[in-house]
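As structure tokens, the structure follows; a few thoughts come after it.
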Amino acid sequence: MINLVRITTFIVAIAMTLFSMFHIDANQELALAHRAYSKGDMDQAMRMARRANRASSETNKKTEAFYLQAQAASKLNWTKEAKAYLDQLLLLDQEHTQALLFRGELEYQLGEHQKALRDFDAGLPLASESMSSKTQAYFLTKRGLTLLALNQIEKAQSDALMALELATNLPEAHDLMSKVSEVKGDIKKALDECEQAYQLSLEKDKRSFMTPEGRKLSDRLLNLKVKYLRSQ
């Protein structure tokens, strides 16, 4: 009888050890993934988020993990991979506002303008319930750029005006209005808006001119100044 108890105890101990070795706590893995992301360790963030995703059967946990994987992949400039994670997320939740808008932004970067427009059109009406005015304005500028790429100039201008109404000091909103004005032939307004976008970006971050986006804005400002002087 004593031997039976000992054998049973031994088996239970082995079972518990194996369980602790192979059991993955989705909540813990997600917390670790968020921590790694905040520290800039994108590889670790993706790894932990992937483990959390596999360990959980809850839709909200899986969507959170997919979104974090997409964010980390995007930070690594893995645009197609980031979009693939969002594709999987949106199969689970078709009205996930952040995922729709994020995927639209990635599709714009990939040159998939019609797809981007569909996602922006689906996500922006939902954004007013869950996002700040500034965030809504930011994604309005992204839709505006998409509309410009599709040569829908008046709609792009409408998005620029709405973005400026929601967030007057958003550099992206002034940049969009500058691009719309340039396409419409109003070089003076294009220059004024570009200068405002540049100054606002410096106020936001004094080193913004060192980023790829900042250099593009700086180059565009210079080109518009030359273009305006030649038009006089």
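How large is the Kirkwood hydrodynamic radius of the chain, in angstrom, based on all distinct alpha carbon pairs?
By the Kirkwood definition, the hydrodynamic radius is 20.3 Å.
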For the chain, size of Cβ-based charge dipole, Lys and Arg +1, Asp and Glu -1, in debye: 660 debye
Spin-label model distance (nm) - LEU161 vs GLU203, 7 Å beyond Cα toward Cβ: 2.3 nm
Unit charges on C-beta of K, R, D, E only; dipole of the stretch 26-131, Debye: 460 debye
Farthest toward positive dipole pole in the chain [+1 Lys/Arg, -1 Asp/Glu at C-beta], among ALA160, LEU126, SER231: SER231
Selected from HIS174, LEU222, ILE187, residue furthest toward positive end of dipole (the chain; charges at beta carbon): LEU222
Over 20 Å (Cα to Cα) - which of LYS39/LYS75; LYS83/LYS155; LYS188/LYS225 fall in this group: LYS83/LYS155
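Size of the dipole of the stretch 134-232 about the Cα centre, Lys and Arg at +1 and Asp and Glu at -1 on the beta carbon, nothing else charged, in debye to 20? If you can, show how the numbers build up before the last one.
Details: 17 positive and 14 negative charges, 56 e Å.
Taking the Cα centre of the stretch 134-232 as origin, the dipole is about 280 debye.
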Highest-fluctuation residue, GLU105, GLU213, GLU195 considered, GNM on the chain with Cα pairs under 10 Å: GLU213
Potential lengthening between GLN114 and GLN152 on full extension [0.36 nm per residue; Cα-Cα distance subtracted]: 12.5 nm
Alpha carbon Rg of the stretch 145-223, scaled by the compact-globule rule 2.2 N^0.38 Å: 1.04
GLN94/THR168 FRET efficiency (R0 35 Å; Cβ-Cβ; nearest 0.05): 0.55
Mean ellipticity per residue at 222 nm, deg cm²/dmol - from DSSP H runs of n ≥ 4 across the chain, formula -39500 (n - 2.57): -27000 deg cm²/dmol
Förster radius 30 Å - calculated FRET efficiency between ASN27 and LEU76 (Cβ-Cβ, nearest 0.05): 0.75
Highest-first arrangement of 88-97, 64-73, where packing means the average Cβ count within 10 Å: 64-73, 88-97
Cα centroid of the stretch 107-121 to Cα centroid of the stretch 173-213, whole Å: 22 Å
0 to 90° range, to nearest 10: angle between helix 187-204 axis and the chain longest Cα axis: 40 degrees
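Laboratory data are not the source of any read-out in this text; all were calculated from the coordinates shown. What you are looking at is a predicted structure, and each value in this text was computed from that prediction instead of being measured. Positions of Cβ are backbone-derived with ideal geometry, glycine not excepted, and every protein chain shown enters the neighbour counts.
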